[in-house]
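The values are calculated or read from the model by the stated rules, or taken from the named source; none is laboratory data. Computed from a predicted model, the values in this text were never measured in an experiment. In this analysis, Cβ positions are derived from the backbone assuming ideal geometry, glycine residues included, and neighbour counts consider all displayed protein chains.
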C-alpha cells in the first residue's frame, strides 16, 4: 500500500490517494470522520480547531460501502478557504496586489520548518513553506490511517493510545483491563490519560504554560493488540517492522524520539531482565511471559501487543518570544505568533495511532496479500492457526 | 542510492551491491577496511571477532581508485566458511547426512528472531533463521556505510560517535573540542566513551555482567558535522530526514529506541527551553544559538550538527538462562548459548555511524544529484553559499 | 517525481497528486486545460466527449502561478456525476434498491478488462471493474503529463505527435520543417495526420468502420526535441530511459506495441544501415548523421530527437457483436455496447505525448535535480554546454 | 521481488542479489547453469563465448537445496579476469603505468552507449562506459531470471521462446504442438527457429553478414503458458503487467521494439478481427476462442498464453566501418571493432525469456504472496480454481 497527500493549510482542501487496498473491504466515511473528530479534540488546543470541523469526502475507490480495489481518493475541505482565495490562490497576482494581499512572511519562527524550508526551496516568502509544513497536513494522514485502522479492525487487530507524560507530569497508571477499557477512559479524558491524578496535573501544566505564553510537549504510547506473529522480517534491513514504525512516528510533526517496549530503559538493565521468556500451551501456542520488547523481536511481531512510544516537543509557536532574524532586513526580532495551541499532545496521540495503523496494515497487506479482502482475512486467520500449531 | 545485501553468518561470504553512486568519486578498499576493523573492536566481544578479520574485496563499480557510476559490488568473506561447507552448503543433503551434519536448531532463544522467523518462513530448523538474523550482517551494512562516509568526507561532512551509557553507567562528558578530538579519544577508549571515569565503570560493568553470565546494553550517540542546511524535506512525510534516520537506527539489530537532539527530554521542558534561537552574521549566515533539536527541524537539516542517539538492548544470548520451549518436543528448556559477547555497544556505535552516514549521503545525493561527483561537490558548495547569502 | 491517480469513470471526480516537482516552476491551469481539450478532440469520438468539457482545478502545490515544492493536487470533475450518485455512490444500498439502481454488469466485453478484473478482485458486478479500467482515467494522466510538459517546455524541450496509421491507412509524410510546423498541421487535422491524402482516407475508414458497427486502431508517433544527451543510464536495467518509455506507452489503455526509432524494421536491415554515424563540429558538438535509433542509444538520449511509436488496437466496444458469456447464467451472448467511439487514435496520440512527457521530465528532474527550478534550469543548460564542449 | 546487479565485462565477476523470494522453494545451481549455457549458444557468436563457460556460484540465501527467505546472492566469475587485473583493477595507477596498461578508449562506436555514457558520467576514457554497458551484464540478468523461471515452473508455468526473424528472413512456422515440442525444436536449432527452411536461410544470412563485415538483428518471441487469469492490474498505470513486460524487453541491450499478441498488426485490422471472443465450459471455465491479444487484456492475464515479441537491432560492432569522432583529437575515424559476433539474436531470445520470467514471477509473488513457498503454491492453485468456478 502507498499513499500521497497534497494540500496547504489555508488552501482549498487536503487530499490523499491510497493505492493498493484489496477489494471488498467495508469502508464508510464515518470510519474516517470518527478519527478526524478525535484528532481535533484535546485540552490545550486553540482557535483553529473550532473553525474546522473536518469531514471527509470519498471521491474514488469506494462503491456502496466497499472498496473496489481501485485507488481510494479522500478529500477534506478547509472551511476557512473562502477567506484565503487571494492570498493562497493559484492565479498570479497583479503587481499592485502583491503588497496588499500576499501576507508575506519574512520572519522565521524557531523550531519550525520556516527557515530551512525557505533556504531549501528558495522561497523569500516563508508562507510558501509554513502552509505545507503545518501540522494541518496530519489531517489527511489520519484519514489514510483511519482506512488502515478499519482494515486492521476487520482482521481483529485493535489500536489505541494514551498519553503517558505532558510537560514533565508522568502518568503512573500503566495497566488497563483491556484495550476497550483503555479506550473508554482515554476518550473521556481531556488529555487522553489513564491516570486521573496525572490528568489533573497535566491540565494544570497546560493552563500554566498558556498563562506564561509557553508551550509543553509530552509522550504518547500506542498499543496494538491482535497482530499475528511473524509480521515484518529480519532478512533485509528495510523490511524490519520496528524500523518502519520508528520512521512513521518520527515523521509526525514535532516528534523527536521513538521507543519500542522498554526502549531507553534497556540501557540500564541486564539482559536477563530485558528479554521475554518463551512459554507454550496447547490452546495458546507460543507466548511470552512478559512483553518488555513491546511485541517486536528481530524486526518481527511476536504476537504480543505492539507498544510504541513517541515524544513530541512543545509546539514552537510561543507568546514567550524567542529570538530570530528577519530574512529581508537581517534584523533580529522576537518570533511572531501564528496560532496559540499550548499543547497538542492529546491530538498527537491520535495521529500516532493512525500512522502506526498504516504501517501495521501495510505490513499485513504485503505479507498476506490477496486482491480479495475475504481471502486476505482467511490468510491472516490461517497464519494465526499456523503459529498456534507450529 | 539503494543497496541490497546477502549472506548468512556461516555462509561463504557477505555481499552488497550499491547502486546510484555518481562517477568519479575516489574510493579505495582501505576506506572500507578501516570501518570494518573499527566494527570488530570494543571491550566485551567474544571469540568470533578473533576468527574473522574482515576485509573487503571490491568486485564491481570501481576502477583505478574511482567510482565508475556503475553499481559497486563488495564482498566480505567469512573465514570460517571452510568448517561449515556441509552444514551451510547449497547442496541437498543425503538422508543419512541429515542428522549428522545439519546442526538443526529447535530451541528458540528469547530476544532473538529465532521463533518469529521460524513461524514466518515455516522453518522447522531455526538455523535457517539465525544465520541471517545474526548481527554478522551488519558487516556489509558497515561496508555500504563506509562508502557513504567517504562520499560525505569528500564533501566536508564528518561523522563520529561515542557511547553515552553502558549498563546504567552514563558518561558525564558531553562536550568535545572538535569532532577530530572526539574521534581521537573514542578510538582509544575500549568502550568508545569520552568520559574516562565512566569508561572504567563501564568496563567494570561489562566484566561483572560477564562473570554473572549476563549481558548489558547501552546508548550510542552519532554526530555529523558539516551538513548544509535544507537537506531533507517537509513536503511529504516519507521525505523527512529525521524519519529516515530513525528508521536506520531502529533497523540495527537489538536497537529499541532512537532520539534526536534532546529527544525524550523534550517531554518535560517548556517550549522556550527547547527551541533554538536563530542568529545571523554576515560571515556565517544563519545559525542557532543552541542545538537542542539536534540539527533537524521540520524534517530538514538546520546546518547545525546532526545528533542522533539510539539504545541497544543487552545481547540476548546469555549464560544466565532464560526459559524457552523446544519447538519439536514442546518441552521447556533454559536457553542455549551460541556465543559469548557480553556487551556489543561499542561496536554498535560504529554500525550506527555507518547507517547514519548512508542516510545522510543518500539525502545529499538525491538533493544535489549529478552523475559526475565533481559537479555534485560544486552543487553542495553552492548550496552552502546560497544558504549563507540567503 | 511520482504520481498517483484515483477516480471512476462515473464517480464524482478524477484526482491526481504529483510529488517531487521543484519549487518556483511557473504553472497555470490553462497549461493543463489545453492538453485536456486536445485529448477530447479527434474524428471518430462518440457522445461522452460532448458531455464532458474537462477542466482542471488545482487544489494544492501551486501559489500565485508557481509551484511551491509541495505536492500538486489536481481535480477534474465528472460533469455527469449528478446522474450517477446512486449507482456509483459510496453509501450502502438498501436491499430493495439493489436491483433498481445498481445497473449491475454481468456480461464481460471481449477486449476489455471486465472478465479478468472481475476474477482478480472477485467482483460479481463488473461495473466495479469497468468504471476504473475505462480510458476515462487517461484524463488525469494527461493532466499529470501536462505538468511535465510545461516543465520540459521551460527547459527548451518540446513534444509533439502525429498519427502515422489508422485502420491500415498509412501516412506517407514523415518529414516536417519543424516541430512547430508539425504541430500546426496536426492541430488542424481531425485525425492528427501530416499527410492530407492519408487524412481523408483515414476519415473514410473511420466512417466506414462506424457504419459497419466496427472500430479501428492505429499507430501514433511521439517526437521530443531538445533533450540533452546522456539522460537515462546504462548502468542498471531499470534506469534505462527506453525501457521507461516502453512501459509508459504500453500502459495506455488498448496499446499493444511500442517501438523506438526504426523499431521493428531493424530486424531486416544490416547493422551498417541501422546505426547512426557520429559527427562533430565546434558549434554543435557531437551529433548523428541520421536518427534511426530514435534519439536513444544504450538506454540514454543521444541529443537527437526522441522518436517513439505505439500501436493502439481498435476500441473493443463494437456494434458488431462478438461472443461472450454471462458470468451469472453462463449463457453465451453477443457483447453489449456501452459507448460508441469508432476510433480513438487521434486522442491516444495526445495521451501518448503526455505520458512520454512525464517520463522525460522525471528523468530530467532525477538527473539534474535541484529543489529550485531556476537552478535545475541552469544545470540542464550546463549539461548542454558540457556535452558540446566534451 | 527486486534484484540489483554489479560487475564489469572484464572485471573479476558479475554479481546479483535477489531479495523477496519466499522460503522453501527448491533451487539448485544447475537450474541457473542451464540457462547460462543456453545464453552462450547460438549461430553467429564470436570468440568471447568460447572463453567464458559461465557457471554460477550461490553465495547466499540457499541451504541444502531450498531458499531460506533471505536474499539470494549469485556470482558468475569472469574467467578472463586474470588478464585484466591491471587494466580493470581497483588500485590507482602509477603515473607511468597510465599509458602502458590503461587501454584507454577515446573512439566512441556508433550504436553503443560509449559517447552518451561518457558525456553523462564525464568519462574521458570510454572503457569506463563500455565495460558496464556491454551485453555481458545480461549474464546475471539471466541468472536472476533463471531463479524466477524455476519458481514459475514449480507453479506449472512454462516459458519458452523462438526466433521469428533474422536479417529479414522470417519464420513461416508459427504453430507448435506444445511448448515442450517447441523447446525440443528450438534447442536443436542453431538459430532457435521453428521453421527448418527459414533456419537455413537465417544461417546463410548470418554467414553473409559476417563475410561482409556486417551484422544483423531479428525478432524473438517469448511464450508463457499456465499463468492464472487476473495477474497484473488495471487499477493503476504502473501495475499493468503488459507495461512491465514492455519495460523488461526494451531494457535488454540493443532492443528497439516490443509487441504483445498481434502487436502492430492491430493497426490495420477491424476490432471484430482483433478481440478474442469469450467462451466457457464447466471443466475449463472461461477461455478465449483466439489469442490475438497475447494473453493480456486490461493490463492483466486472461489465462491464455502470454505472447511477447521484441526486436533486436544488429550488433553495432562492425568490421564494415561507420564514421565516428575521436573525443580527444576530434578527428573523424571509422569505428573500431572490439568483438565479432555478427548476430546475437538466438542468445537474445534466451535473455528475453528470462527477463519475461522475472516479471511474471514478480507479479505472481506480489499477488499471491506468502513467506512460505508451499502456501504460495496453494494460493496460485486456489486462484485457478476460483477462476474456473467464477
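In the set (1) farther than 24 Å from residue D:262 by Cβ; (2) surrounded by fewer than 22 Cβ atoms within 10 Å (Cβ to Cβ); (3) modelled with pLDDT of 95 or more, residue D:333 fails one condition alone, (3). Within the range A:134-141, identify whether any single residue is under 30 Å from residue B:285 (Cβ atoms), part of a loop (DSSP other than H, G, I, E, B), out of contact with any strand residue (DSSP E or B) (no Cβ under 6 Å at 6 or more places or on another chain) and within 10 Å of another protein chain (Cβ to nearest Cβ), and answer yes or no. Scanning the range A:134-141 turns up at least one residue that is under 30 Å from residue B:285 (Cβ atoms), part of a loop (DSSP other than H, G, I, E, B), out of contact with any strand residue (DSSP E or B) (no Cβ under 6 Å at 6 or more places or on another chain) and within 10 Å of another protein chain (Cβ to nearest Cβ).
The residues of the range A:61-70 that are within 7 Å of another protein chain (Cβ to nearest Cβ) and either more than 19 Å from residue C:114 (Cβ to Cβ) or surrounded by fewer than 24 Cβ atoms within 10 Å (Cβ to Cβ) (or both), listed by number, are A:62, A:64, A:65. Note on the range B:209-306: enclosed strands (runs of 3 or more DSSP E) holding 2 or more residues that are at the interface with another protein chain (Cβ under 8 Å from one of its Cβ atoms) and closer than 23 Å to residue B:352 by Cβ are B:218-225, B:255-260. Scanning the range D:126-159 for residues that are more than 22 Å from residue D:315 (Cα to Cα) and free of Cβ contacts under 8 Å to residues at least 60 places away in the same chain yields a single hit, D:153.
None of C:356, C:380 is within 15 Å of the chain's Cα centre (by Cα) and either in a helix (DSSP H, G or I) or away from chain A (no Cβ under 14 Å) (or both) except C:356. The helices (runs of 4 or more DSSP H) found entirely in the range A:1-111 that carry 2 or more residues being more than 26 Å from the chain's Cα centre (by Cα) and over 28 Å from residue C:102 (Cα atoms) are A:97-101.
Being modelled with pLDDT of 95 or more and within 30 Å of residue C:368 (Cα to Cα) narrows it down to one of B:30, B:67, B:15, so name that one. On inspection, the qualifying residue turns out to be B:67. Against the definition (more than 8 Å from chain D (Cβ to nearest Cβ), modelled with pLDDT under 95 and closer than 23 Å to residue B:131 by Cα), how does residue B:76 come out, yes or no? No: the conditions fail for residue B:76. Within the range C:307-325, can you find the residues that are under 19 Å from the mean Cα position of the chain (by Cα), more than 8 Å from every other protein chain (Cβ to nearest Cβ) and closer than 30 Å to residue C:105 by Cβ? Answer for the range C:307-325, where residues must be under 19 Å from the mean Cα position of the chain (by Cα), more than 8 Å from every other protein chain (Cβ to nearest Cβ) and closer than 30 Å to residue C:105 by Cβ: just C:310.
In the range C:3-48, the residue that is surrounded by the most Cβ atoms within 10 Å (Cβ to Cβ) out of those that are without any contact (Cβ under 8 Å) to a residue 24 or more places away in the chain and touching a strand residue (DSSP E or B) at 6+ places or on another chain (Cβ under 9 Å) is C:6. Summed over the range A:169-190, the residues that are more than 13 Å from chain B (Cβ to nearest Cβ), assigned to a loop (DSSP other than H, G, I, E, B) and in contact with a helix residue (DSSP H, G or I) (Cβ under 9 Å, 6 or more places away or on another chain) give a count of 5. Among the residues of the range D:51-60, those identified as more than 7 Å from chain B (Cβ to nearest Cβ) and surrounded by 22 or more Cβ atoms within 10 Å (Cβ to Cβ) are D:54, D:56.
Matching residues to (1) closer than 26 Å to residue D:328 by Cβ; (2) modelled with pLDDT of 95 or more; (3) surrounded by fewer than 17 Cβ atoms within 10 Å (Cβ to Cβ); (4) within 14 Å of chain C (Cβ to nearest Cβ):
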position: D:93; (1), (2), (3), (4): yes, no, no, no
position: D:100; (1), (2), (3), (4): yes, no, yes, no
position: D:117; (1), (2), (3), (4): yes, yes, no, yes
position: D:123; (1), (2), (3), (4): yes, yes, no, yes
position: D:127; (1), (2), (3), (4): yes, yes, no, yes
position: D:130; (1), (2), (3), (4): yes, yes, no, yes
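Counting the residues of the range C:359-369 that are surrounded by fewer than 24 Cβ atoms within 10 Å (Cβ to Cβ) and in a loop (DSSP other than H, G, I, E, B) gives 1. Of everything in the range D:102-115 that's free of Cβ contacts under 8 Å to residues at least 40 places away in the same chain and in contact with a strand residue (DSSP E or B) (Cβ under 9 Å, 6 or more places away or on another chain), which residue is nearest to the other protein chains (Cβ to nearest Cβ)? This residue is D:113.
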